[in-house]
Amino acid sequence: MMKKYKNLWIALGVLVLLTPLGMLATGTAWGEWGAEELLEMIGFMPKGMEKLSNSWTLAPLPDYSLSALSNGFSQEAAGYILSAIIGVLVTVAVIQIIGKFIPAEQEGANE
């Protein structure tokens with residue numbers, strides 16, 4: 001299976017290694033606004049967001065870093081890469097689990 005998707009895994013690996021480039025950008029990433037930032041940007045906070053804004057207070061990797069890895073650019077870059085690896089692994093695991101419940105299409109079935 002790995003040989004079949006070798007180019008995909010290589011491209012994914014390159015993207016993981018490029019994630020620290022986001023640290024060079026100014027401002028926040030699109031869609032990652034906090035309640036206060038959104039209020040400042042558009043002048044109001046949607047009711048649903050206001051209701052749920054304090055329900056998630058413990059992030060596994062806040063700001064894409066570990067407290068032990070936030071002393072310099074290279075340590076923060078390692079945090080970004082670690083976050084990307086964890087994201088890829090979780091995504092692959094979820095796809096694998098969902099794939100167990102979806103029947104595979106048999107070769108030659110449409111002939």
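If you project the alpha carbons of the chain onto their three principal axes, what span does each projection cover, largest first, in Å?
For the chain, the Cα extents along the three principal axes come out at 59, 38, 23 Å.
For helix 73-101, what angle does its Cα long axis make with the longest principal axis of the chain, in degrees from 0 to 90 and rounded to 10?
40
Where in segment 1-43 does the label zone of Val92 land, with the point 7 angstrom along Cα→C-beta and an amide N cut-off under 19 Å?
Hits in segment 1-43 for Val92 at 19 Å: 1-20.
Between beta-carbons, use under 15 Å as the cut-off and find the net charge around Pro20, counting Lys and Arg +1, Asp and Glu -1.
Numbers: positive: none; negative: Asp63, Glu76.
Surrounding charge for Pro20 is -2.
Determine the dipole magnitude for segment 5-111: charges of +1 sit on the beta-carbon of Lys and Arg, -1 on that of Asp and Glu, nothing else is charged, the reference point is the Cα centre, and the result goes in debye to the nearest 20.
That gives a dipole near 200 debye.
None of the figures in this text is laboratory data; all of them are computed from the coordinates on show. Quantities reported herein were computed from a predicted structural model and do not represent experimental measurements. Reconstructed Cβ throughout: ideal geometry from the backbone, glycine too, with neighbour counts over all protein chains shown.
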